[in-house]
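See structure below.
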Amino acid sequence: MEVYKRETREVVRRFLAYQISFPNCIAALDAALAGLLPRFQSEQLDEVRRLMLANNESVMDEMARREGAGAISK
């Protein structure tokens, strides 16, 4: 679980810093989940879901901010 948290935190950080595009961010988040999903225990799924929703909210908030500022890039 900690590996997934670190990986997704880094992906979102890179997106917020304009180092990766929105499609690449989503692809990286999906890849992180796909790579680790088989290893998760059933009791970890609620935590995974919460983290996925938090990541999604961060990315969507940033996309809304960029659209509002007219600053969609990369």
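Relative to the dominant Cα principal axis of the chain, helix 2-16 is inclined by about 10°.
With +1 on each Lys and Arg Cβ and -1 on each Asp and Glu Cβ, and nothing else charged, work out how big the dipole of the chain is about its Cα centre, in Debye to the nearest 20.
It comes to approximately 240 debye.
To the nearest ten degrees, helix 22-36 and the longest principal axis of the Cα atoms of the chain are 10 degrees apart. Dipole orientation for the chain: of the candidates L33, L45, G70, G70 has the Cα lying most toward the positive pole (charges on Cβ; Lys, Arg +1; Asp, Glu -1). Computed as a quarter of the hull surface, the mean projected area of the alpha carbon convex hull for the chain stands at 4.5 nm².
Rank these for me by crowding, L53, L16, going from fewest to most other beta carbons within 10 Å.
So the ranking, lowest neighbour count to highest, is L53, L16.
What length, rounded to one decimal in nm, is gained on full extension from M52 through to R9, with 0.36 nm per residue of separation minus their alpha-carbon distance? Full extension of this stretch gives 14.4 nm more.
Between amide H atoms placed 1.01 Å from N, distances below 5 Å from I20 occur with F15, all of them 5 or more places distant or on a separate chain. Taking every C-alpha pair closer than 8 Å and separated by at least 6 residues, the mean separation divided by the residue count of the range 2-68 gives a relative contact order of 43 percent.
No value in this document is a laboratory result; all are computed from the given coordinates. Nothing here was measured: the structure is a model prediction, and the numbers come from that model. Note: ideal-geometry Cβ built from the backbone for every residue, glycine included; neighbour counts use all protein chains shown.
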